[in-house]
1. Within segment 307-341, track down each residue that is assigned to a helix (DSSP H, G or I) and either touching a Lys or Arg at 6+ places or on another chain (Cβ under 6 Å) or under 13 Å from PHE388 (Cα atoms) (or both).
2. Let me confirm something: among VAL322, VAL309, VAL261, which residue is touching a strand residue (DSSP E or B) at 6+ places or on another chain (Cβ under 6 Å) and over 30 Å from PHE49 (Cα atoms)?
3. Within segment 52-59, can one find any residue that is free of Cβ contacts under 8 Å to residues at least 24 places away in the same chain and assigned to a loop (DSSP other than H, G, I, E, B)?
4. Which of (1) surrounded by fewer than 22 Cβ atoms within 10 Å (Cβ to Cβ); (2) modelled with pLDDT of 95 or more; (3) of a type outside the set (Val, Ile, Thr) does ASP242 not meet, given it meets every other one?
5. Out of all the residues in segment 215-238, is one or more within 19 Å of LEU438 (Cα to Cα) and either buried (at least 18 other Cβ atoms within 10 Å of the Cβ) or not assigned by the TED database to the domain that holds LEU16 (or both)?
6. Kindly evaluate SER79 against the criterion of being surrounded by fewer than 19 Cβ atoms within 10 Å (Cβ to Cβ), over 30 Å from VAL382 (Cβ atoms) and not aromatic (Phe, Trp, Tyr).
7. Which of the strands (runs of 3 or more DSSP E) found entirely inside segment 205-274 contain at least 1 residues meeting this: under 23 Å from HIS161 (Cα atoms)?
8. Might you check whether a residue that is at pLDDT below 95, farther than 22 Å from ILE20 by Cβ, outside the structural domain of LEU338 (by the TED database) and not acidic (Asp, Glu) occurs anywhere in segment 139-153?
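The values are calculated or read from the model by the stated rules, or taken from the named source; none is laboratory data. From a predicted model like this one, the values you see are computed outputs, not experimental measurements. A quick note on method: Cβ atoms are made from the backbone with ideal geometry, for glycine too, and the neighbour counts reach across all protein chains shown. Ligands, DNA and RNA are excluded from the accessible area calculation, which covers all protein heavy atoms including side chains. Shrake-Rupley method; radii C 1.70, N 1.55, O 1.52, S 1.80 Å.
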Amino acid sequence: MQTNLPEILRHRRQKLAEIIDLPAVLWSGSSSPRNFPANTFPHRANSHFLYFAGIPLQNAAIRLESGNLQLFIDDPHPSSALWHGETPNREEIAAKIGADEAKTMAELANYLEDVATLPVQDATTWTQQTQLLDRFILPKTQLEGIDLELAKAIVSLRLTHDAAALIELRKAAVVSVTAHKAGMAATSSAKQESEVRAAMEAVIMAENMTTAYTSIVTVHGEVLHNNHYYHSLQPGDLLLADVGAETQTGWAADITRTWPVSGKFSSTQKDIYDIVLAAHDACIQNIAPGVEYAEIHLLAATIIAEGLVNLGILQGKPEDLVKMDLHALFFPHGIGHLLGLDVHDMEDLGDIAGYDQGRSRSSRFGLSYLRLNRPLRPGMLVTIEPGFYQVPAILNDPKTRSQYQYLVNWERLEQFADVRGIRIEDDVLVTESGSEVLTAALPTETSAIEDLLNANFS
């Protein structure tokens with residue numbers, strides 16, 4: 001992506017200028033302290049800034065108008081070389097990204113009349129935004145006026161990926177696949193989850209990438225965002241690993257696989273896994289331009305419900321069970337989300353990106369967590385990630401037990417106690433004629449996963 005960076009960025013801002021006729025300023029953000037000011041968390045530039053600036057700058061801003069870009073950033077302090085080595089100056093950075101002008105951050109105040117902006121996530125910067133623009137610019141607040149207009153324009157660009165973005169997204173996918181294979185290889189000798197996590201993240205770090213989100217590597221897959229790694233690995237456990245790489249310029253991958261610690265699925269584990277896999281495969285087969293993503297979600301829900309009926313866990317017609325949201329007892333989240341510069345792409349804007357105009361989130365348990373509800377278009381990258389989870393807080397709730405006493409065979413469900421959580425997730429690009437799975441090099445079938453694991457056990 002870096003070879004023709006100025007040309008790529010120029011094309012993106014020209015496309016923005018075709019959609020909106022107003023100036024916009026985007027801030028990169030600054031580092032947040034871990035505990036004392038000099039000890040900061042690693043900086044991650046704001047994604048909207050990255051889309052038009054191309055490189056992860058800190059304490060910088062860009063002004064976009066009529067296809068032109070002004071860069072605002074200060075030169076490194078003279079003492080910076082002692083601590084951080086030689087770093088590019090303002091003019092060198094401007095040349096690298098094809099900026100039309102380069103100015104200091106102090107000069108930014110002179111170029112803010114009638115500009116639109118989007119909030120960043122760190123408090124230092126959004127406080128600065130609020131003060132300079134004399135209006136509240138806060139994360140998680142509803143955008144209004146020209147800021148909302150800007151958000152919608154940027155969403156329309158970032159919903160589909162250009163060729164340069166796809167190069168980066170493919171890089172992230174390749175490294176993430178390798179990381180998952182390394183995790184499988186490490187499982188036979190690992191004593192606890194943290195060792196598998198370390199093996200996976202080592203692959204990502206070795207490629208000079210970071211994780212796109214906090215890794216999930218757990219034998220307690222029923223905890224959807226489990227970020228603890230201290231549990232021991234036992235032969236009867238399933239290990240759920242949700243780990244994805246992020247390239248140096250911010251583009252993400254997102255993969256989940258679930259595999260048996262022992263190297264072989266039990267019969268009950270395989271039965272449930274194959275249901276989740278059937279939903280996964282059917283959803284991917286139905287990805288195509290014009291297809292409603294919500295219908296893909298309902299397809300997964302119906303297949304999971306049907307599979308659980310066939311196993312004797314649920315009772316009734318699958319379509320009726322889905323209408324009652326009964327499937328959501330075991331599959332409570334959405335089928336996936338947009339993927340790009342953010343692992344949940346553009347969710348800092350709320351549902352502006354995920355939900356088509358005029359649509360809002362459902363109040364239904366089985367649909368309220370759906371992150372994407374719009375027709376698919378060529379160039380979109382989405383995740384497909386059906387799952388099955390036995391969440392104690394849901395299944396042990398007396399109200400749930402009473403409400404569904406005739407629709408759930410609770411005694412039969414107890415026979416599947418060795419299945420805490422299973423998720424299978426791939427990154428799927430919508431093409432002109434269908435779809436392409438960017439993460440297809442990582443197997444999903446139980447036999448192929450067992451082959452990988454047992455190759456490492458021998």
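1. Of the residues in segment 307-341, the ones assigned to a helix (DSSP H, G or I) are 307-310, 318-323, 326-329.
GLY307, LEU308, LEU326, HIS327, ALA328, LEU329, listed by residue number.
2. Values: VAL322 fails: touching a strand residue (DSSP E or B) at 6+ places or on another chain (Cβ under 6 Å); VAL309 fails: touching a strand residue (DSSP E or B) at 6+ places or on another chain (Cβ under 6 Å).
Within the list VAL322, VAL309, VAL261, the selection yields VAL261.
3. Filtering segment 52-59 for residues free of Cβ contacts under 8 Å to residues at least 24 places away in the same chain gives none.
Among the residues of segment 52-59, not one is free of Cβ contacts under 8 Å to residues at least 24 places away in the same chain and assigned to a loop (DSSP other than H, G, I, E, B), which makes the answer no.
4. (1)
5. The first filter runs over segment 215-238 and keeps only residues within 19 Å of LEU438 (Cα to Cα), leaving none.
For segment 215-238, residues within 19 Å of LEU438 (Cα to Cα) and either buried (at least 18 other Cβ atoms within 10 Å of the Cβ) or not assigned by the TED database to the domain that holds LEU16 (or both): absent.
6. Working: surrounded by fewer than 19 Cβ atoms within 10 Å (Cβ to Cβ): yes; over 30 Å from VAL382 (Cβ atoms): yes; not aromatic (Phe, Trp, Tyr): yes.
Taking the combined requirement at face value, the residue satisfies it.
7. Those strands (runs of 3 or more DSSP E) span 238-243, 255-260.
8. Yes, segment 139-153 has at least one match.
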